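**Student:** Please read through the structure below; I'll follow up with questions.
The values are calculated or read from the model by the stated rules, or taken from the named source; none is laboratory data. From a predicted model like this one, the values you see are computed outputs, not experimental measurements. Positions of Cβ are generated from backbone atoms using ideal geometry, with glycine treated the same way; all protein chains shown enter the neighbour counts. When the accessible area is computed, the model is the full protein with side chains, heavy atoms only, and any ligands, DNA or RNA have been set aside. Shrake-Rupley method; radii C 1.70, N 1.55, O 1.52, S 1.80 Å.
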Amino acid sequence: MKTLQKLSAWLVVCAVFLLLLFLVYRPGLSGGFFFDDSVNILASDAIKINGISADALRNVWNSGVAGPLGRPISMLSFAANYYFGAFDPYWFKLANLFIHSLNAVLVYCLCLLLIKTSRTMRSDAARLHILAVTVAALWAFNPIQLTSVLYVVQRMTSLSSMFVLMGLVFYIWARQQLSWGWSTSLCLAMAWGVCLPLAMLSKETGVLFILYVAVYEAILHRDFTGSLNRFAKLYLSLLVFASVVLILDLWVGPASGLLSGYNARSFTLVERVLTESRIVWEYVMMISLPNLSRFGLYHDDFVISRGLFQPIGTLLAIGGLAASVAVSWLLRIKAPIISFGIAWFLLGHSLESTIFPLELMHEHRNYLPSLGIVILIAPVLMSEKMKVPAFRLLMGCCVIGFLVYSALITYLRADMYGNEYKRTQIEAEYHPDSLRAQYDAGAVLVNIYNRDRGPILASMAERHFARANSLDGTYKLAWVGRLQLDCISEKSARSEVYEELRERIAHGKWVPNDRTVMHAIADMSNAGNLCLSREQVDALFSSALQNESTSLEDRTVAYSDYTSYLWIGQNDYQAARGILEKSVAADQGNVLNRMNLLQLLRFLGDREGVLNLYADLEKRDLDPRDLARFQAISGELRSEGVVRDEN
């Protein structure tokens, strides 16, 4: 009877917890798609499934464009969303919130296991459950988690984390059993054989499961058993060996290509590592002392460290990280939970906040690592001082106060994210030096102005675009925004705005975001939202293709967008054909535009040209994404009788 009462009580607590989490995030569920949602979700034809079939699921599996693995599990989840609710962002965000809620429950289970592991913190069951719920709540309601919920594409992060948490719960429970049985074997098999692969196929950061296991074995399980057992020693030795091999491979081996992305960045490898030392501490501040003005979808305004003393905070940040590592090592015996929390947080950032040429800063990178900061409160709440009524009351008030404050900040952020105008204007105000925040604010105002024609909207948009252009002499997208604003308000583009854009496209340093510029020019021209003449658009694409800083891949994408403009917008099929033929001739490995050319020749009825390109593509070793597209085209050609099985 008592067991049933306890179970009922905890189910009520869980229900209230999840209801409050829903209410906090509810205002943001009405928001739309933004930023990378477009390229990963909205632009993916494969996820637009209308029926369940092996071919449809295979196409979804191979359709991912993010990460080296394509993140197929995440893509399947997006396809499921589309199947049941089309591109309604509400249901996408609600699914994200469901995953986050499930993760909160898993964090509770994990914390219960972690705290039980520590000999220095064992106490009565009720206090352990209360502590685990407290840590889970502080983690779930922290404002830094918001982009992993309301920024749809970051389901990749939360879904991968869900499988990591599941795997850790299975693994740690199995390791804590005193005897080996079928249930232990099953849990270990689930952790390593199911959860780890699913985590990595949701997002590559799932590989951090291996490091989280290492932290557990080296610190908490050691505390649980009294010493490092044979398995832990073998596991940690193999991990050290694998790390050395990986570093050598990244330095001189085939994997060194992973670092080639710095050619398109505004910072070097050394500058990134130096900057990340400061960013990690910024993350700590955002988690432990959340302030609404610190947060934002974009953090491209974070100052890059150009040296140890530029700024001086770089040296201090590195010293602080070194001290944190030392503290974690020194406290591994006396205060294992503190040691574990520090190590968990730092290792959680070892993939996305170190040497790889990713963007410098994003809040969603703290989704799981933030647990390391939150769990540091556990030793305080389980200390002997909690038996003193006054101290217990003080700590209770502090924890509840911080939890309410965090939930309030998260609610305010969710309210912002439920309205594009509100989100973009507030974030532009909080981040005046962010190119993306300023451009987003201007672009949303242009869209509203296109509908409502309020003069003040045009003035506000112009101000945001001007601010973005002043921040970076090579930035181009805001100039496209100004052209669009001209076309809406004046029905013609100002020559000085057009010329400045053409000059930046022709001579400005080319960065990954500039592919978006050319795509926007083609799409907006095709939709009639950009009032440029054919000659003007031709000149813009010619400038892009002649820019010496563009890579071969940049030019391939520009050729593809130029073809879209000529084919769809201008109905000039021969000009489009000429552009595609020039593109494939310039790059023998160009698969994208070979397929585009095949489709154009198919449209023009050039059977011989179609068969020649088809035969060429059939012989190539295509990556999964290109193969999926080729197989779809092949199926259409077979149904039309253009190719047969013997071909």
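**Student:** One residue is enough: does region 40-51 have a residue meeting the conditions open to solvent by 80 Å² or more (accessible area, probe 1.4 Å) and without any contact (Cβ under 8 Å) to a residue 40 or more places away in the chain?
**Tutor:** At the first step, the residues of region 40-51 found to be open to solvent by 80 Å² or more (accessible area, probe 1.4 Å) are 45, 50.
Adding the requirement that they be without any contact (Cβ under 8 Å) to a residue 40 or more places away in the chain leaves 45, 50.
The answer is yes; a qualifying residue exists.
**Student:** In the list 98, 17, which residue meets the criterion of being under 20 Å from the mean Cα position of the chain (by Cα) and closer than 30 Å to residue 173 by Cβ?
**Tutor:** On the way: 17 fails: under 20 Å from the mean Cα position of the chain (by Cα).
None of the others qualify; the one that does is 98.
**Student:** Okay, moving on. Kindly indicate which of 11, 57, 4, 18 is in a helix (DSSP H, G or I), within 22 Å of residue 204 (Cβ to Cβ) and out of contact with any Lys or Arg (no Cβ under 8 Å at 6 or more places or on another chain).
**Tutor:** Going through 11, 57, 4, 18 in turn, just one is in a helix (DSSP H, G or I), within 22 Å of residue 204 (Cβ to Cβ) and out of contact with any Lys or Arg (no Cβ under 8 Å at 6 or more places or on another chain): 57.
**Student:** So which residues in region 612-630 are open to solvent by less than 80 Å² (accessible area, probe 1.4 Å) and either within 19 Å of residue 75 (Cα to Cα) or of a type in the set (A, V, I, L, M, F, W, C) (or both), if there are any at all?
**Tutor:** 613, 615, 617, 622, 623, 624, 626, 627, 628, 630 - these are the residues of region 612-630 that are open to solvent by less than 80 Å² (accessible area, probe 1.4 Å) and either within 19 Å of residue 75 (Cα to Cα) or of a type in the set (A, V, I, L, M, F, W, C) (or both).
**Student:** Being over 18 Å from residue 215 (Cα atoms) and touching an Asp or Glu at 6+ places or on another chain (Cβ under 9 Å) is the filter here; which residues of region 93-145 pass it?
**Tutor:** Hits for region 93-145 are 143, 144, 145.
**Student:** Please tell me if residue 599 is surrounded by 15 or more Cβ atoms within 10 Å (Cβ to Cβ) and either modelled with pLDDT under 90 or assigned to a helix (DSSP H, G or I) (or both). Outline the logic, then answer.
**Tutor:** On the way: surrounded by 15 or more Cβ atoms within 10 Å (Cβ to Cβ): yes; either modelled with pLDDT under 90 or assigned to a helix (DSSP H, G or I) (or both): yes.
In short, yes.
**Student:** Of a type outside the set (Lys, Arg) and free of Cβ contacts under 8 Å to residues at least 60 places away in the same chain, is that true of residue 459? Quick ask: steps written out before the conclusion?
**Tutor:** Numbers: of a type outside the set (Lys, Arg): yes; free of Cβ contacts under 8 Å to residues at least 60 places away in the same chain: yes.
Considered against the rule, which asks whether it is of a type outside the set (Lys, Arg) and free of Cβ contacts under 8 Å to residues at least 60 places away in the same chain, residue 459 comes out as yes.
**Student:** If you don't mind, there's one more thing I want to ask. Kindly indicate the residue of region 475-511 that is without any contact (Cβ under 8 Å) to a residue 60 or more places away in the chain, of a type in the set (A, V, I, L, M, F, W, C) and more than 25 Å from residue 454 (Cβ to Cβ) and also surrounded by the most Cβ atoms within 10 Å (Cβ to Cβ) among those meeting that condition.
**Tutor:** So the residue we want is 505.
**Student:** Could you list, in sequence order, all residues of region 77-104 that are in a helix (DSSP H, G or I) and open to solvent by 50 Å² or more (accessible area, probe 1.4 Å)? Outline the logic, then answer.
**Tutor:** Narrowing region 77-104 to residues in a helix (DSSP H, G or I): 77-85, 89-104.
Across region 77-104, the qualifying residues are 83, 84, 90, 91, 98, 102.
The rows are residues; the columns are (1) within 35 Å of the chain's Cα centre (by Cα); (2) in a helix (DSSP H, G or I); (3) at pLDDT below 90.
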| position | (1), (2), (3) |
| --- | --- |
| 549 | yes, no, yes |
| 555 | yes, yes, yes |
| 566 | yes, yes, no |
| 608 | no, yes, yes |
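**Student:** Something else: Go through 361, 382 for me and flag whichever is surrounded by 18 or more Cβ atoms within 10 Å (Cβ to Cβ) and under 22 Å from the mean Cα position of the chain (by Cα). Even if it seems obvious, please write down each step before you answer.
**Tutor:** Details: 382 fails: under 22 Å from the mean Cα position of the chain (by Cα).
Sole residue among the options that is surrounded by 18 or more Cβ atoms within 10 Å (Cβ to Cβ) and under 22 Å from the mean Cα position of the chain (by Cα): 361.
**Student:** So, restricting to helices (runs of 4 or more DSSP H) that lie completely within region 129-201, which ones have at least 1 residues that are open to solvent by 10 Å² or more (accessible area, probe 1.4 Å)? Before you say what the answer is, go through the steps one by one.
**Tutor:** On the way: elements: 147-150, 155-176, 182-189.
Fully inside region 129-201 and qualifying: 155-176, 182-189.
**Student:** A further question on this structure: Mind telling me which of the residues 405, 417, 411, 430 ends up being touching a residue at least 60 places away in the same chain (Cβ under 8 Å), open to solvent by less than 20 Å² (accessible area, probe 1.4 Å) and aromatic (Phe, Trp, Tyr)?
**Tutor:** Working: 405 fails: open to solvent by less than 20 Å² (accessible area, probe 1.4 Å); 411 fails: open to solvent by less than 20 Å² (accessible area, probe 1.4 Å); 430 fails: open to solvent by less than 20 Å² (accessible area, probe 1.4 Å).
One residue alone meets the criteria, 417.
**Student:** Counting just the residues of region 288-302 that are among the hydroxyl-bearing types (Ser, Thr, Tyr) and within 26 Å of residue 472 (Cα to Cα), which one comes out surrounded by the most Cβ atoms within 10 Å (Cβ to Cβ)? Show your work before the answer.
**Tutor:** Within region 288-302, the subset among the hydroxyl-bearing types (Ser, Thr, Tyr) is 288, 293, 298.
When the remaining residues are screened for being within 26 Å of residue 472 (Cα to Cα), the result is 293, 298.
Values: 293: 10, 298: 21.
Ranking the qualifying residues of region 288-302, first place goes to 298.
**Student:** Where residues in region 314-347 are open to solvent by 30 Å² or more (accessible area, probe 1.4 Å) and among the small types (Gly, Ala, Ser), which of them is farthest from residue 216 (Cα to Cα)?
**Tutor:** Selected residue: 319.
**Student:** Within the set of pairs 6 or more residues apart or between chains, which connect a residue that is more than 22 Å from residue 127 (Cα to Cα) inside region 10-35 to a residue that is surrounded by 15 or more Cβ atoms within 10 Å (Cβ to Cβ) and polar (S, T, N, Q) with Cβ atoms less than 6 Å apart?
**Tutor:** Final answer for the pair search is 21/101; 24/410.
Per-residue answers, yes or no, for (1) open to solvent by less than 60 Å² (accessible area, probe 1.4 Å); (2) in contact (Cβ under 8 Å) with a residue 24 or more places away in the chain:
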site	(1), (2)
519	no, yes
522	yes, yes
527	no, no
534	no, yes
541	yes, yes
544	yes, yes
570	no, yes
584	yes, no
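**Student:** Please specify each residue of region 105-121 satisfying the condition of being surrounded by 23 or more Cβ atoms within 10 Å (Cβ to Cβ), within 29 Å of residue 27 (Cβ to Cβ) and of a type in the set (Val, Ile, Thr).
**Tutor:** Residue satisfying the conditions is 107 alone.
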